[in-house]
């Protein structure tokens with residue numbers, strides 16, 4: 001079934017919701033006609049089922065039923081703000097793995113990257129996060145934060161479990177409670193500096209090795225999210 005996005009807070013059973021032009025274009029590309037059944041998502045926890053109807057020159061959905069799903073357990077991914085194109089692809093993939101927040105980190109080795117993530121790219125990254133919901137049918141779009149210095153992130157992070165992607169770290173990150181908020185820090189291309197690693201460890205981050213080889217930042221981030229999901233599943237189901 002085709003999935004469509006509507007504005008956050010607009011999805012309720014028995015209502016008609018007009019689609020934004022981007023969604024109308026998406027449906028035209030998919031050659032979806034009237035009275036086609038669709039899955040409806042608002043990115044704020046609501047998921048519904050309805051059908052497409054004409055709304056003047058645009059399209060709308062008649063919502064047959066809808067429900068709000070619980071907010072997922074926090075899973076924060078803080079990644080060195082390297083190449084913005086690769087960062088955008090990372091966000092799309094991270095949505096599929098259940099990330100709840102993404103923080104582009106400004107680090108010593110990302111500062112000189114000409115194509116790094118900047119404030120001007122934030123809205124586009126947030127759109128990509130929402131668009132990724134249609135493929136995965138996840139109900140909550142992750143929060144995508146403005147680029148943030150590593151020190152500022154470490155001061156405000158409140159996760160009870162903290163991992164630092166590090167080739168020299170342990171291969172066994174230990175137990176992750178099924179309801180424990182988890183934060184993962186991943187360095188940019190070239191990794192974090194020794195001083196930054198020291199600051200992360202002082203803030204309670206456990207160095208975790210995510211593979212036998214040195215990984216690119218987006219690969220390390222996805223490996224960490226997969227490891228986190230598996231660890232939580234073991235806690236939930238034994």
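Tabulated values for the structure
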item	result
Subset of the range 43-90 [under 19 Å from residue 131 (Cβ atoms) and either more than 19 Å from the chain's Cα centre (by Cα) or free of Cβ contacts under 8 Å to residues at least 60 places away in the same chain (or both)]	48, 52, 58, 59, 61, 84, 85, 88
From 120, 138, 111, 152, residue being surrounded by fewer than 17 Cβ atoms within 10 Å (Cβ to Cβ) and outside any helix (DSSP H, G or I)	111
Which listed residue is modelled with pLDDT under 95, part of a loop (DSSP other than H, G, I, E, B) and not assigned by TED's automatic domain parsing to the domain that holds residue 98, from 32, 60, 28, 54	32
All positions within the range 99-127 that are touching a strand residue (DSSP E or B) at 6+ places or on another chain (Cβ under 8 Å) and free of Cβ contacts under 8 Å to residues at least 24 places away in the same chain	126
The range 28-74, residues that are touching a helix residue (DSSP H, G or I) at 6+ places or on another chain (Cβ under 6 Å) and either closer than 30 Å to residue 217 by Cβ or exposed (fewer than 15 other Cβ atoms within 10 Å of the Cβ) (or both)	41, 43, 58
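The values are calculated or read from the model by the stated rules, or taken from the named source; none is laboratory data. Computed from a predicted model, the values in this text were never measured in an experiment. Note that we place each Cβ from the backbone using ideal geometry, even for glycine, and neighbour counts take in every protein chain shown.
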